[in-house]
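Visitor: Quick one: this structure, given as structure tokens, is what I'll be asking you about.
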Amino acid sequence: MMNMTPVVKQLLIINILFFIGTMALGDFNSTNPAYRFLALYFFENSNFYSWQPLSHMFMHGSFMHIAFNMFALYSFGSTLEHFWGGKKFLFFYISCGLGAFLLHSGVNYYFFQEGVNILTANGFVKFDIVQLLDQGKIGTSWKELMSVSDFDNFTSAYFGTAVGASGAVYGLLVAFAFMFPNAELALMFIPVPIKAKYFVPIWLILYDGFFGIFGNSFLGVSSGIAHFAHVGGAITGFLMMWFWKKSQFNKNRWN
């Protein structure tokens, strides 16, 4: 296994420090001041701050969450940084994390606006809706005006938070598949290794694509995972790799 590279090491340290600092202040929810200020909130929520699109990438919600992401960062990131150099790797990593934020927030805006449109069509005013939500409340009649999935998507879009390096990590997975398409990858519950060029798109389509669309309604259980953030990081990684390959920019080292 490749030795840990400098930027990957620094990212690991930052993530671990964020995790320990947050854990020291309490549970991983909005009652924790670190979580409240650094996790990503919906941009119309009063808890949203301009730094959250970046800071949420270094926050995690549990030990297993950070353990999985940091293992993936070490496993795939060190290989990519070795070939690219530190500056190009960091640029790619942060870009994929921001791409994850953009798609996640865009989907949330769509779900939120769908709910607002239903309510305003029934006589409510958007300003009053947002004011009520900002107090942590919902209208008593709102559930009656929306389907279960519309109501769940509407409220989770406004009240939900997103944390984690997963979007950036998914970008690394895509880049790894671009550069080493025949490398074999495996998961614990898939005993047969699969080549990266098949593993990554299959995982994205079957897992994040399916649960991103049906997650809140499938079996009536919300996954609690920001699947569209994963997809956003992967798409950003794909577009950057496609552009770099097309322009032969991947031959340059940013040193």
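Visitor: With respect to ILE66, determine if the residue is under 28 Å from ARG36 (Cα atoms), under 14 Å from the mean Cα position of the chain (by Cα), surrounded by 18 or more Cβ atoms within 10 Å (Cβ to Cβ) and β-branched (Val, Ile, Thr). Please lay out each step first, then the result.
Guide: Numbers: under 28 Å from ARG36 (Cα atoms): yes; under 14 Å from the mean Cα position of the chain (by Cα): yes; surrounded by 18 or more Cβ atoms within 10 Å (Cβ to Cβ): yes; β-branched (Val, Ile, Thr): yes.
Considered against the rule, which asks whether it is under 28 Å from ARG36 (Cα atoms), under 14 Å from the mean Cα position of the chain (by Cα), surrounded by 18 or more Cβ atoms within 10 Å (Cβ to Cβ) and β-branched (Val, Ile, Thr), ILE66 comes out as yes.
Visitor: Still on this structure, please answer the following. From GLY123, GLY106, grab the single residue that is outside any helix (DSSP H, G or I) and either surrounded by fewer than 19 Cβ atoms within 10 Å (Cβ to Cβ) or on the phi > 0 side of the Ramachandran plot (or both).
Guide: Values: GLY106 fails: outside any helix (DSSP H, G or I).
Testing whether each residue is outside any helix (DSSP H, G or I) and either surrounded by fewer than 19 Cβ atoms within 10 Å (Cβ to Cβ) or on the phi > 0 side of the Ramachandran plot (or both) leaves just GLY123.
Visitor: Among the residues of the stretch 184-191, are any assigned to a helix (DSSP H, G or I) and either in contact (Cβ under 8 Å) with a residue 40 or more places away in the chain or touching a Pro at 6+ places or on another chain (Cβ under 9 Å) (or both)? Break it down stepwise before answering.
Guide: Filtering the stretch 184-191 for residues assigned to a helix (DSSP H, G or I) gives none.
Taking every residue of the stretch 184-191 in turn, none turns out to be assigned to a helix (DSSP H, G or I) and either in contact (Cβ under 8 Å) with a residue 40 or more places away in the chain or touching a Pro at 6+ places or on another chain (Cβ under 9 Å) (or both).
Visitor: Can you tell me which residues in the stretch 23-48 are over 19 Å from ALA229 (Cα atoms), surrounded by 14 or more Cβ atoms within 10 Å (Cβ to Cβ) and touching a Gly at 6+ places or on another chain (Cβ under 9 Å)?
Guide: Of everything in the stretch 23-48, those that are over 19 Å from ALA229 (Cα atoms), surrounded by 14 or more Cβ atoms within 10 Å (Cβ to Cβ) and touching a Gly at 6+ places or on another chain (Cβ under 9 Å) turn out to be PHE28, ASN32, ALA34.
Visitor: Please go through the stretch 134-147 and pick out each residue that is surrounded by fewer than 18 Cβ atoms within 10 Å (Cβ to Cβ) and either at pLDDT below 90 or outside any helix (DSSP H, G or I) (or both).
Guide: First, the residues of the stretch 134-147 that are surrounded by fewer than 18 Cβ atoms within 10 Å (Cβ to Cβ): 134-141, 143-145, 147.
Result: GLN135, GLY136, LYS137, ILE138, GLY139, THR140, SER141, SER147.
Visitor: Sticking with this one: Could you figure out which of (1) touching a helix residue (DSSP H, G or I) at 6+ places or on another chain (Cβ under 9 Å); (2) part of a helix (DSSP H, G or I); (3) more than 15 Å from LEU11 (Cα to Cα) isn't true of GLN131?
Guide: Going through (1) touching a helix residue (DSSP H, G or I) at 6+ places or on another chain (Cβ under 9 Å); (2) part of a helix (DSSP H, G or I); (3) more than 15 Å from LEU11 (Cα to Cα) one by one, GLN131 breaks only (1).
Visitor: Take ALA165 and decide whether it is among the hydrophobic types (A, V, I, L, M, F, W, C), closer than 13 Å to LEU40 by Cβ, within 21 Å of the chain's Cα centre (by Cα) and surrounded by 15 or more Cβ atoms within 10 Å (Cβ to Cβ). Please lay out each step first, then the result.
Guide: Working: among the hydrophobic types (A, V, I, L, M, F, W, C): yes; closer than 13 Å to LEU40 by Cβ: yes; within 21 Å of the chain's Cα centre (by Cα): yes; surrounded by 15 or more Cβ atoms within 10 Å (Cβ to Cβ): yes.
Yes: the conditions hold for ALA165.
Visitor: Here are some residues: GLY215, GLY171. Which one is at pLDDT 90 or above and not aromatic (Phe, Trp, Tyr)?
Guide: Details: GLY215 fails: at pLDDT 90 or above.
Exactly one residue qualifies, and that residue is GLY171.
Visitor: Here is a further query. Looking at GLY115, GLY97 in this structure, which one is part of a helix (DSSP H, G or I), under 30 Å from ILE13 (Cβ atoms), in contact (Cβ under 8 Å) with a residue 24 or more places away in the chain and in contact with a helix residue (DSSP H, G or I) (Cβ under 7 Å, 6 or more places away or on another chain)?
Guide: GLY97
Visitor: Yes or no: VAL200 crowded, with 23+ Cβ neighbours inside 10 Å and modelled with pLDDT of 75 or more? Can you show your working first?
Guide: Values: crowded, with 23+ Cβ neighbours inside 10 Å: yes; modelled with pLDDT of 75 or more: yes.
The answer is yes for VAL200.
Visitor: For the stretch 77-95, give me each residue that is of a type in the set (A, V, I, L, M, F, W, C) and either surrounded by 17 or more Cβ atoms within 10 Å (Cβ to Cβ) or at pLDDT 95 or above (or both).
Guide: Kept after step one, since they are of a type in the set (A, V, I, L, M, F, W, C), are these residues of the stretch 77-95: 80, 83-84, 89-92, 94.
Within the stretch 77-95, LEU80, TRP84, PHE89, LEU90, PHE91, PHE92, ILE94 meet the criteria.
Visitor: Continuing with this model, one more query. Does SER55 satisfy the condition of being surrounded by fewer than 19 Cβ atoms within 10 Å (Cβ to Cβ) and under 30 Å from LEU25 (Cα atoms)? Step through it out loud before you land on a result.
Guide: Working: surrounded by fewer than 19 Cβ atoms within 10 Å (Cβ to Cβ): yes; under 30 Å from LEU25 (Cα atoms): yes.
Yes; evaluated as a whole, the condition is true for this residue.
The values are calculated or read from the model by the stated rules, or taken from the named source; none is laboratory data. Quick caveat, the model's predicted, so the values are computed rather than measured. FYI the Cβ positions are ideal-geometry reconstructions off the backbone, even for glycines, and counts take in every protein chain you see.
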